[in-house]
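Before any comments, here is the structure.
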Amino acid sequence: MKNAKMILDRAFTVSKVDERIYGSFIEHLGRAVYDGIYQPGNPLSDEEGFRKDVLDMVRELQVPIVRYPGGNFVSSFVWEDSVGPVEQRPKRLELAWRSLEKNEVGIGEFARWAKKADSQVMMAINLGTRGIADACNLLEYCNHPSGSKYSDLRISHGSKDPFNIKVWCLGNEMDGPWQLGHKTMQEYGRLAEETAKAMKIIDPTIELVSCGSSNLDMPTFPAWEAVSLEQDYNYVDYVSMHNYYGNKANDTADYLAVSDDMDAFIRSVIATCDYVKAKKRSKKTINLSFDEWNVWFHSNEADNDLMKNHPWQVAPPLLEDIYNFEDALVVGLLMITLLRHADRVKMACLAQLVNVIAPIMTEQGGGKAWKQTIYYPFMLTSRYGRGTVLQPVLDSPAHDTAAHEDVKDVATVAVWNEEKEEVAIFAVNRNIGEDVELVTDVRSLEGYHLAEHIVLENKDMKAVNSAAGEAVAPVSTDRSRFADGMMTSVLKPATWNMILLKK
Ligand code: AHR
């Protein structure tokens, strides 16, 4: 058994958690919309065609904001096709995923779905094949009360009240050569600045996200952020980050270290934002919106085949990664990393939410909805990780892996919910061979006691859930004991743990 020590002190805090760090993402891609959130005619759906069982699961995850409608999809999206009488809406060749978009669900339907999901919409605009005027028209359609061309159009479509969408993404992955309308950093910076300026004239209350790099390995990172932010700094509020992870080398120990890569990525983007701030002598701070993150690699081959050889289908089963136990550990680790940066990461979106690289799946052909392994660390962190992040002082043993050095065995963060008088310690033992005994000094949290130690564990790293049953689900353990302000917890190898203290 190895030993780790930690001190939590209510006086040492990182930041209040912005609940939008528990956001997610629905793109018009694969079976996310059609067959996912929307399936008219299914007895499991409501009068508007929205799957009620899926909505229940989304609500259980407590997702406060959902990015829409893409993703790569947005870069050739013609929003006008997706509003008005459904029978008059055109079918379109969807170029990003080589699918057929039938536009049965559009801006209005999604705004209504989000309301039912107790969530806000984070709207992305097309800065690939379109530009300033279309962004302004869409914003006017969504947020202007009435008395203008596009607000009156919305009213004529049956939505008297504006949707009041607060957060808008200025395009998607515009640094990526795969993106329709891909731009250089200079081109993007100028377009984003001018679009943002116009949008804030229409609605000064909105928040805008400037496109950052598509991943840490982009050759243009971090010059992209520096150059584009220098241009649009005065008008935007956040810069986006995207990154997907996977165990391509089938090396579990190394895979569990990828959260250190996310950590390094976040630190670099913060440094770049602050470099631009200093250069501009600005008082304004740009925060981060990590609005696409997840594990994504299982489905890559099948997706390439489907798009290349069987294009132009409605809702083809694309990006249907089936997640295993070690993927759930990685999702838990990535959430710990996001929370540790809660002072600058204000929004984040698990990409995506239903059927497409998703925690929630629906059976093809209208069967039941079921929960993937990654559902659980997301759900528990989202539910218990609200409040103030405490700055843990951690002394943990460490190890090296194939591609990472000095990987701390224990990755952890704690969130104090003052209102509920709860402290949740989230901890993963990344040592795949040995137990670690974690002793946490919580003497400053007077009156608190151990409520529960929940664990996600499985001897089989490749164990998966399915519609037929769950191999991976959280259970309660007796591996923590509390005495004299000290919490002693045994973290089994390769486990995700949540230790809950209550007053
Ligand atoms: O989430 C799947 C895709 O990943 C998105 O469409 C794109 O933005 C990213 O490359």
- Item | Residues in the stretch 409-449 that a label on Ala11 would reach, taking backbone N under 15 Å of a point 7 Å out along Cα→Cβ | 442-446
- Quick one: compute the contact order of the stretch 117-242, relative version, from alpha carbon pairs under 8 angstrom and 6+ residues apart, as a percent. 27
- Distance between the stretch 61-139 and the stretch 446-498 - C-alpha centres, whole angstrom: 39
- Might you tell me the accessible area per residue for the stretch 399-481, computed with a 1.4 Å probe and given in Å²? 47
- Which percent of the accessible area of the stretch 18-384 is formed by carbon and sulfur heavy atoms (probe 1.4 angstrom)? 51
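Going by a ≥ b ≥ c, the root eigenvalues of the Cα gyration tensor, does the stretch 55-172 fall in the rounded group (a/c under 1.5), the prolate group (a/b larger than b/c) or the oblate group? Show your work: numbers first, answer last.
Working: a/c = 1.33, a/b = 1.05, b/c = 1.27.
Cα axes put the stretch 55-172 in the rounded bin.
Using DSSP to define loop residues, name the GluC sites (Glu not before Pro) in the stretch 2-104 whose beta-carbon has at most 13 other beta-carbon atoms within 10 Å. The partial results should precede the final answer.
Details: sites: Glu19, Glu27, Glu47, Glu48, Glu60, Glu80, Glu87, Glu94, Glu101, Glu104; in loops: Glu27, Glu47, Glu48, Glu104.
Of the GluC sites (Glu not before Pro), the ones in loops of the stretch 2-104 whose Cβ has at most 13 other Cβ atoms within 10 Å are Glu47, Glu48.
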- Two-site FRET efficiency, Asn250 against Thr184, from Cβ-Cβ distance with R₀ of 30 Å, rounded to 0.05: 0.20
- Task: Beta carbons within 10 angstrom, averaged per residue: use that to sort the peptides 110-119, 339-348, 372-381, highest first.
- Result: 372-381, 339-348, 110-119
- Item | Vicinal HN-Hα couplings computed from phi for the stretch 168-174 (Karplus, 6.51 cos²θ - 1.76 cosθ + 1.60; Hz; Gly/Pro x) | 10, 9, 7, x, 9, 6, 6
- Cα convex hull of the stretch 208-294: mean projected area in nm², to one decimal? 5.6
- For the chain, find the longest principal axis of its Cα atoms and tell me its angle to the long axis of helix 52-61, 0 to 90°, nearest 10. 50
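Given a Förster distance of 35 angstrom, what is the FRET efficiency for Arg281 paired with Ala198, based on the Cβ-Cβ distance and rounded to 0.05? Please list the in-between numbers first.
Values: r = 25 Å, r/R0 = 0.73.
Efficiency at R0 = 35 Å is approximately 0.85.
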- Query: Taking the mean number of other Cβ atoms within 10 Å as a proxy for protection, how do you rank 442-449, 150-157 from highest to lowest?
  - Reply: 150-157, 442-449
- Note on the structure: Projected area averaged over all directions for the convex hull of the alpha carbon atoms of the stretch 241-281, nm², comes out at 3.1
- Message: Please enumerate, by chain and number, the lysines with C-alpha under 22 Å from the C-alpha of Lys2, excluding those fewer than 8 residues away in the same chain.
- Response: Lys408, Lys459, Lys492
- Note on the structure: The answer for Val413, listing residues at least 5 apart or on another chain whose modeled amide H is closer than 5 Å to its amide H, is Phe426
- Rg [Å, one decimal], Dmax [Å, integer] - the stretch 140-219, C-alpha atoms: 15.6, 47
- What is the extension gain from Phe297 to Ala264, computed as 0.36 nm multiplied by their sequence separation minus the C-alpha to C-alpha distance, in nm to one decimal? 9.8 nm
- Hand me the trypsin sites (Lys or Arg not before Pro) from the stretch 71-111 located in a DSSP loop with no more than 14 other Cβ atoms within 10 Å, in residue order please. Lys91
- Message: I need the calculated FRET efficiency for the pair Gln313 and Lys116, taking r as the beta carbon distance and R₀ as 35 Å, to the nearest 0.05.
- Response: 0.80
- Note on the structure: Quick calc: nm separation of the 7 Å Cα→Cβ label points for Arg92 and Glu434 -> 5.7
- Would you kindly derive the ³J(HN,Hα) couplings of the stretch 348-355 from the backbone phi angles with the Karplus curve 6.51 cos²θ - 1.76 cosθ + 1.60 (θ = phi - 60°), listing them in order in whole Hz, with x for Gly and Pro? 7, 10, 5, 9, 10, 10, 9, 6
- Express in nm, to one decimal, how much length is gained between Asn417 and Lys149 on full extension, taking 0.36 nm for each residue of separation and deducting their alpha carbon distance. 91.9 nm
- Query: Amide H neighbours of Gln352 under 5 Å, counting only residues 5+ apart in sequence or on other chains, H built in-plane at 1.01 Å?
  - Reply: Ala358
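Would you please report the Å³ per residue occupied by the convex hull of the alpha carbon atoms in the stretch 18-384? Could you put the intermediate results ahead of the total?
Numbers: hull volume 46.4 nm³, N = 367.
Dividing the Cα hull volume of the stretch 18-384 by its residues yields 126 Å³.
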- Query: What ranking of Ile322, Ile357 comes out by heavy-atom accessible area, probe 1.4 Å, highest first?
  - Reply: Ile322, Ile357
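Among DSSP bridges having both ends in the stretch 18-384, what percentage is antiparallel? Round to the nearest 5.
Working: 8 of 40 bridges.
So the antiparallel bridges in the stretch 18-384 amount to around 20 percent.
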- Message: Tell me the relative contact order for the stretch 363-415 as a rounded percent, counting alpha carbon contacts under 8 Å between residues six or more apart.
- Response: 32
- Note on the structure: Any residue on another chain or 5+ positions along whose placed amide H is under 5 Å from the amide H of Asp9 is listed here as Gln391
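Would you mind estimating how fast the stretch 422-503 diffuses translationally, via Stokes-Einstein at 10 °C and 1.306 mPa s with the Kirkwood radius over Cα pairs, in µm²/s? Numbers along the way, then the final one.
Working: Rh = 13.6 Å.
The Stokes-Einstein estimate is 117 µm²/s.
Tell me, what is the per residue accessible area of the stretch 18-384 in Å², probe radius 1.4 Å? Kindly include the intermediate steps, with their values, before the conclusion.
Details: 12770 Å² over 367 residues.
Value for the stretch 18-384: 35 Å² per residue.
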- With axes computed from alpha carbons, what is the tilt in degrees of helix 107-116 against the longest principal axis of the chain, rounded to the nearest 10 within 0 to 90? 30
- Message: With an 8 Å Cα cut-off and a minimum separation of 6 or more residues, compute the relative contact order for the chain in percent.
- Response: 20
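The values are calculated or read from the model by the stated rules, or taken from the named source; none is laboratory data. What you see is a predicted model; the values in this text were computed from it and never measured. No Cβ is skipped: glycine too gets one built from the backbone with ideal geometry, and neighbour counts run over all protein chains shown. These area figures cover heavy atoms from the full protein model, side chains too; ligands, DNA and RNA do not enter into them. Shrake-Rupley method; radii C 1.70, N 1.55, O 1.52, S 1.80 Å.
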